[in-house]
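Here is the structure we will look at.
Nothing in this text is a laboratory measurement; each read-out follows from the coordinates by a stated rule. Note that the coordinates shown come from a computational prediction; the quantities given were computed from them, not determined experimentally. Cβ: placed from backbone, ideal geometry, glycine included. Neighbour counts: every protein chain shown.
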Amino acid sequence: MLTQTVRLLPLLALPTLTGCGTVPLPPVALPDVELTAPVALNGSVGRLFAGTELFAQPVDARLKNLSVTGQARLNTPASTRLVMDVLLTRELPADCVPYGPAQLCTSGGQSIGKAVFAAGEKAAELRLGGEVLNTLAHGGEGHLGLRLTEGSVPAGTVLTFSDLEAKAYF
């Protein structure tokens, strides 16, 4: 009996571990997000947001430490080094102007990661996370966007966030 009890002791830790957000769950695919620059964008010209929300439904609040990985892809290679903050906002700001499915805004969003393109490159790795991502995912909200912090892109440039996978811990 004692030997059997000793073998089962590690199982007693499982409820504690799951309460701490340490058990990884399988990744869940998210839809691609495509943004087309309606005007030339640089660090002083606005923020571009998707008109649709990233999370179609609320994510269970018991899931912790959400992160999103994937690719940021340009339709043409970056002419110089290009750095952009990837933003997430609960609601689109009132100052937004619609351009097709995207919205050009002068404010809004909190940074949840960066995409960095070397000159001549068309793709960059994405690793997004943070408290705002957790909060908005739990509410089934959030418009993904970008703000250039280095470099510029001409009007008509298409940026696609693709192969997005959300990962969480229980």
Cross-link partners among aspartates and glutamates for Lys167, C-alpha distance below 13 Å, same-chain residues fewer than 8 apart left out?
Asp60
Just how far, in whole angstrom, is the range 84-141 from the range 38-76 if you go by their alpha carbon centroids?
4
Under Stokes-Einstein, the chain at 37 °C and 0.692 mPa s, with its Kirkwood radius over C-alpha pairs, diffuses with a coefficient in µm²/s of 190
Bins of 10 Å, starting at 0 and running to the largest distance - Cα pair percent for the range 69-170
14, 46, 33, 7, 0
Against the longest principal axis of the chain, how steep is helix 2-12, in degrees 0 to 90 to the nearest 10, with axes from Cα atoms?
20
With the crude spin-label approximation of a point 7 Å out along Cα→Cβ, what separation in nm comes out for Asn75 versus Asp95?
2.7
Under 22 Å from the Cα of Lys122, which lysines turn up, not counting those fewer than eight places away in the same chain?
Lys114
Given contacts defined as C-alpha pairs under 8 Å and at least six residues apart, what's the relative contact order of the range 23-169, whole-number percent?
48
